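First comes the structure, then the notes that go with it.
The values are calculated or read from the model by the stated rules, or taken from the named source; none is laboratory data. This is a predicted model, so every value here is computed, not measured. Glycine gets a Cβ as well: all are built from the backbone with ideal geometry, and neighbour counts include every protein chain shown.
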Amino acid sequence: MFPTGWPGLALLLLRSALGANLGHAVFDGGTDGMAAWAPALLATVAIALCVGLFTPVSAGLCALIEIVIWHSSSGTIAALHVCAVLVAMALAMLGPGAYSLDAKLFGRRQINFPPRDGANGK
């Protein structure tokens, strides 16, 4: 599904908000206790979400990452991660929308069949 108009804009906003939330951990230095490769993974998933590249997979990875981060946090911050998990799951189910790289790469295609010769289709 690649909706345009207001629904497509809403999906763009969801992708951007989720990518910014995930990117915040990378660019704010919140990855201190993680492995050396983890910030690169978080940044890649955040950028993929923002531009709409492989959105269902990126949103699923984001949900998994947020669940891991959620278990290591507490209080109000934990509630933010729960919300991010819910948004990621919804985005994985809804798809990227028309304003994404997925729409450009895998969007609607028009197939034109040539007309049949003769009246009986022979």
| Any idea which of Leu94, Leu9, Leu18 is at pLDDT 90 or above, out of contact with any helix residue (DSSP H, G or I) (no Cβ under 9 Å at 6 or more places or on another chain) and closer than 26 Å to Gly107 by Cβ? | Leu9
| field | Residue match in region 51-61 (condition: closer than 28 Å to Arg108 by Cβ and over 10 Å from the mean Cα position of the chain (by Cα)) | value | no
| said: With under 28 Å from Gly5 (Cβ atoms), touching a residue at least 24 places away in the same chain (Cβ under 8 Å) and of a type in the set (Val, Ile, Thr) as the only criterion, which of Val51, Val85 stands out? | reply: Val51
| said: Residue pairs, Cβ under 7 Å, 6 or more apart or interchain, first in region 55-70 and crowded, with 17+ Cβ neighbours inside 10 Å, second part of a helix (DSSP H, G or I) and among the acidic types (Asp, Glu). List them. | reply: Thr55/Asp102
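Please verify whether Ala43 is closer than 29 Å to Lys104 by Cα, among the small types (Gly, Ala, Ser) and part of a helix (DSSP H, G or I), treating the condition exactly as stated.
yes
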| task | Confirm whether Leu64 is part of a helix (DSSP H, G or I), aliphatic (A, V, I, L, M) and either in contact with a Lys or Arg (Cβ under 8 Å, 6 or more places away or on another chain) or more than 15 Å from Leu11 (Cα to Cα) (or both). | result | yes
